[in-house]
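Written out below as structure tokens is the structure these notes cover.
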Amino acid sequence: MYDATDILDCCQIEADKRRESKGALKKKVRSCFQPFIFCLSNPMFAHEIGSRIKELNQRLEDIYKEADKFKFNIGLGSNPEPRKLSDAGLKMLSEFNESAIVGENIEKETKELAHVLINDDKLKIKVVSVVGAGGMGKTTLAQKIFKEKTIQEQFKMKIWLSITQYFEEADLLRTAIEHAGGDHGGKQDKSLLMRTLTDILSKDKFLLVMDDVWSMKAWNNVLKVPILNASHKQIGSRVLVTTRLEDLAPRMQASYYQHHVRPLNEEDAWSLLNRQLPPQPNQVVGIDHLKDVGMKIIKKCGGLPLAIKVMGGLLSMRSQSELEWEAVLNHHAWSVAGLPKELDNRLYLSYEDLCPPLKQCFLYCSLFPKGTYIRKRDIIPMWISEGFIQPRHGSSSQEDQLEDIAKEYYRDLIMRNLIEPTEDSTMNGYHCTMHDVVRSFAEFMAREELLVVQDEQAPGGSSHSLLRRLSIGSTKSVPEWSLLEMQKSVRTLIISHKIDIKPSDSLCSLSSLRVLLIRDNADCDRLVDSLCQWKHLRYLHLENTDISRLPQEIYRIKYLQHIVLRGSINLESLPRSIIDLVHLRTLDLDNLNIENILIPKGFGRLTNLSQLFGFPVHNDMDKDGAWCSLEEIGPLSQLRHLTVYGLGNASPSSMAEKARISNKKHLTYLELNWSSSKEIMGSWDEIEKQQQQRVAGEVIEKLCPPLCIQDVRIEGYFGCVLPNWMMIAATVAFKSLRFLGLQDLPFCTKLPDGLCRLPSLESMYIVNAPAINSIEFEFQASSSLEVGGGVIATLAAFPNLTKLFLEGLCEWEEWHWEEHAMDVTAPTTGMPALKELVIRNCKLSFLPPGLANSKREALRKLNLYGLSNLTSVENFPSVVQLHTLVCPNLKRINGLSRLQTIRISRCPNVVVLEGVPSVDSMDLEDDTMETLPGYLRDVNPRYLKLKCCKKLYESIMSGSSSECDKISHITKHTIDYFQDSDAA
């Protein structure tokens, strides 16, 4: 069937050539036989393609006869539809961070192992080994230990290394040096890198985590010498290892402690399974009626957290009925044979539940090795390019439908816990990873067609010459391009490591290639001229490479749909023939030198573009008008994602108006960047500055996004006033906007008063707006709405905002926000859903009553950094974490009844700390303290970390000072002092 699709491609290409040469057809040919009719008019081509079809038909006939002989049932019908997610099936992705942590067991183990690591600090080195089967939760436990407060305080230097089965020694050393805060200078020599790591680790007591260790190689050949040598100087340093090997720790020639991860008990396993299931609409009694059959399923999972999560993902796709759960319990896949012993049928059951296209998408994810991200932005077009995504019901449709289906598949894999969002992308799932066991399972299931090469492992698969997908990761030796040329059947080639490309090398032999992704490689410029040989290529991704150009004949790659040139800073211009790539869907120019990048005139002909990243705005620089300007975005009506750079060049504003941004009815992401620099703005005289600001204001007004927009970011805008489409009259219409970022607004004096009406806004950051000195009441004012019969409803400001980040409003002095004593049942409190608030570098003297009030229930984290005039932090009853840093006038902290963690750093004038009965951990740092603050007598944290000047440190440590009385009731504490460099 792969060969059949190649033949169809060739016929379509030949048909297109005939159309172009004769100009015969003006309408799109709908008949699937029409390409063959065109092709038959070329006798040579007809003979060649006819021979290929005849040979292929014979192969299919032979297969059919063999199947009939053995009574195999070959279904040739359409693929079954995947189960669709109802609204009830949409789990908040932020739950995935903690979804593997249940019960008191892991909390107990975390504290126990943290104590083991910290205890016996006179030992030079100690190894703590966490042992268990794959999917048992070893890494989850290690991560929780790594983030444990006492560990953070005890070890100044913490290094996390994911070892895996296959690693490159120099890369491992360089990573360790970077994580320790050192500089390896790009060294390649192993002995030099080992010496550098030894020197860095010798500076402070360290904790090294070696995650997922499969053999003694990483320890014996790479890390043992630096670790043991450095531990002689830093006594009390520790190594934490997660492994499947019982005998690993005893062989590491150090004092060791071994901990076996235990399977979850039944109640914790039931709790974990529950977390994977979506809430049902109008559900009152929960799923206790399913507990009997649920516990039978759990028993088959053997207490493995990974297996329970995957089974939970499977059950989340089904209705919560006993009949559906019984079907899962009794499925034949539980007893499937033939899987390696390290894999299990629990994963196979979840895999079998996927529809055939989704199975292909899942297996494809294993091409991205451990340590690399599965990016939503990249993998969706890769799936489409491979042909995995087909229109539903067999209908021909726009490519947009394919992208929507692919996004559903991506979300489905997340819901099933087969891929997991990273911690920094839990809200959107932009970056995901795959558990090692799940990846091993996927590689096994795809072993005949897919190969991931790392280190120097022997190639797998039964027929290496028929590999369809090949990924080259980190390897000890540098592979030669000539070895790749032997893989003539490869359809996807991913290269994430240096490869030896000689001047004579080309790409011609990889004739079936549909997807090419090369990252972080020099010498790719040598391959550019042969790119056009790939007539089947759909996806071209050259990231952080040395390419300076694309071939002038790129138009010959008729099917090319996605071009990603991210970070290839040597690129200067795009070939003029790029405008003939009528099927182009993605053009990604992010992180390039936008001053040099030129886009040819006629760019607006690419009307199928869906994603355009890094579009550079230039004035019409040449007299011939050969390069395009902003107005050529106008005809691109299918855009979904758009980032524009250099808007300072968009003069006059009519250029921006002709871009027709507001008419793009599919646009969900918009980034507008003026790329202004302080040097340029500093060179303007007053008249020029006013002129530039006037033009910038006109331009941004014309760039109003469409009402369907979900994510807007504005950066470097140097106008004085933000646009009218951010004011109250307009913003109500933006019902889908979830994320808003405003950064580097040097002359903006007022925040718009319409943002508070955005009904779906979840996250907002405002960074570097030095001209704002006051935020008025209108910014967060509640509003009224007549709902009928004269009844007035009060609408809360920012009703769904959960994260607010305000940084660099360095002249901001006043926040006018009073708490109004209205009907307490009405949702009049502004920002009622706010969970995290960060304020940095401003002159606020107090936090307004509208923010600090007893009705605020959602706020959990409050971080205040560099508030030079702040005097008090009071009345935040829901906050559990408070950080105050460099607030020199802060005097009072009071009324935080649920506070658990507090950090007070360089706030020397705090005299009152009360109303914090639940505080568990306290961090107090100040190099100017001559005596301990008196409020320490009034608090009773379980743990205190104190860092002060050397004189006070010595006084406390002497044991005879009266200062000791202030902390004598705190049984566990760590005391340290600032070195001169620390204080500076």
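Key figures
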| quantity | calculated |
| --- | --- |
| Flag if Asn591 is modelled with pLDDT under 95, surrounded by fewer than 21 Cβ atoms within 10 Å (Cβ to Cβ) and at positive phi | yes |
| Members of region 738-766 found to be within 24 Å of Trp684 (Cα to Cα), open to solvent by 10 Å² or more (accessible area, probe 1.4 Å) and free of Cβ contacts under 8 Å to residues at least 40 places away in the same chain, listed by number | Gln743, Thr749, Lys750 |
| Positions within region 359-375 being buried (at least 23 other Cβ atoms within 10 Å of the Cβ) and either in contact with a Gly (Cβ under 6 Å, 6 or more places away or on another chain) or under 13 Å from Leu314 (Cβ atoms) (or both), in sequence order | Phe362 |
| Within region 890-961, strands (runs of 3 or more DSSP E) holding 3 or more residues that are open to solvent by less than 10 Å² (accessible area, probe 1.4 Å) and not β-branched (Val, Ile, Thr) | 921-925, 943-948 |
| Strands (runs of 3 or more DSSP E) (entirely within region 690-786) containing at least 3 residues that are within 19 Å of Glu813 (Cα to Cα) | 763-767 |
| Residue that is nearest to the chain's Cα centre (by Cα) [pool: residues in region 374-416 that are acidic (Asp, Glu) and at pLDDT 85 or above] | Asp378 |
| Top-ranked residue in region 803-819 [being in a loop (DSSP other than H, G, I, E, B) and open to solvent by 60 Å² or more (accessible area, probe 1.4 Å); ranked as nearest to Glu776 (Cα to Cα)] | His816 |
| Single residue of region 767-783 satisfying the filter (surrounded by fewer than 16 Cβ atoms within 10 Å (Cβ to Cβ) and among the hydroxyl-bearing types (Ser, Thr, Tyr)) that is modelled with the highest pLDDT | Ser774 |
| Filter result (farther than 24 Å from Pro917 by Cα and touching an Asp or Glu at 6+ places or on another chain (Cβ under 6 Å)) within region 956-984 | Ile956, Phe978, Ala983 |
| Boolean, Glu679 is in a helix (DSSP H, G or I), surrounded by fewer than 16 Cβ atoms within 10 Å (Cβ to Cβ) and either modelled with pLDDT under 90 or acidic (Asp, Glu) (or both) | yes |
| Pairs where the first residue, in region 519-541, is in contact (Cβ under 8 Å) with a residue 60 or more places away in the chain and the second is of a type in the set (A, V, I, L, M, F, W, C) and part of a strand (DSSP E or B), C-beta under 6 Å, 6+ apart | Tyr539/Val515; His541/Leu517; His541/Val564 |
| Test result for Thr884, of a type in the set (S, T, N, Q), buried (at least 21 other Cβ atoms within 10 Å of the Cβ) and in contact (Cβ under 8 Å) with a residue 12 or more places away in the chain | yes |
| Single residue of region 505-519 satisfying the filter (at pLDDT 85 or above and either of a type outside the set (Ser, Thr, Tyr) or in a strand (DSSP E or B) (or both)) that is surrounded by the most Cβ atoms within 10 Å (Cβ to Cβ) | Val515 |
| Selection status of Val919, under 27 Å from Ile118 (Cα atoms) and either free of Cβ contacts under 8 Å to residues at least 24 places away in the same chain or touching a His at 6+ places or on another chain (Cβ under 6 Å) (or both) | yes |
| Count of region 726-737 residues which are of a type outside the set (A, V, I, L, M) and open to solvent by 40 Å² or more (accessible area, probe 1.4 Å) | 2 |
| Residues (open to solvent by less than 30 Å² (accessible area, probe 1.4 Å) and in contact with a Cys (Cβ under 9 Å, 6 or more places away or on another chain)) located in region 520-533 | Ser530 |
| Filtered residues of region 197-219 (kept if of a type in the set (A, V, I, L, M) and in contact with a strand residue (DSSP E or B) (Cβ under 9 Å, 6 or more places away or on another chain)) | Ile200, Leu201, Leu207, Leu208, Val209, Met210, Val213, Ala218 |
| In region 301-312, the residues that are assigned to a helix (DSSP H, G or I) and either open to solvent by 10 Å² or more (accessible area, probe 1.4 Å) or under 14 Å from Val437 (Cβ atoms) (or both) | Cys301, Pro305, Leu306, Ala307, Ile308, Lys309, Val310, Met311 |
| Residues (open to solvent by less than 10 Å² (accessible area, probe 1.4 Å) and within 21 Å of Asp505 (Cβ to Cβ)) located in region 561-576 | Leu565, Ser568, Leu571 |
| Residue ID - surrounded by the fewest Cβ atoms within 10 Å (Cβ to Cβ), chosen from residues in region 534-558 that are of a type in the set (Val, Ile, Thr) and within 27 Å of the chain's Cα centre (by Cα) | Ile547 |
| Residue match in region 577-594 (condition: small (Gly, Ala, Ser) and either touching a Cys at 6+ places or on another chain (Cβ under 9 Å) or in a loop (DSSP other than H, G, I, E, B) (or both)) | no |
| Residue, modelled with the highest pLDDT, within region 641-675, restricted to residues that are assigned to a loop (DSSP other than H, G, I, E, B) and hydrophobic (A, V, I, L, M, F, W, C) | Leu667 |
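The values are calculated or read from the model by the stated rules, or taken from the named source; none is laboratory data. Keep in mind it's a predicted model, so treat the numbers as computed, not measured. Glycine also receives a Cβ, built like all others from the backbone with ideal geometry; neighbour counts cover every protein chain displayed. Heads up: the accessible areas ignore ligands, DNA and RNA and are worked out on the full protein's heavy atoms, side chains in. Shrake-Rupley method; radii C 1.70, N 1.55, O 1.52, S 1.80 Å.
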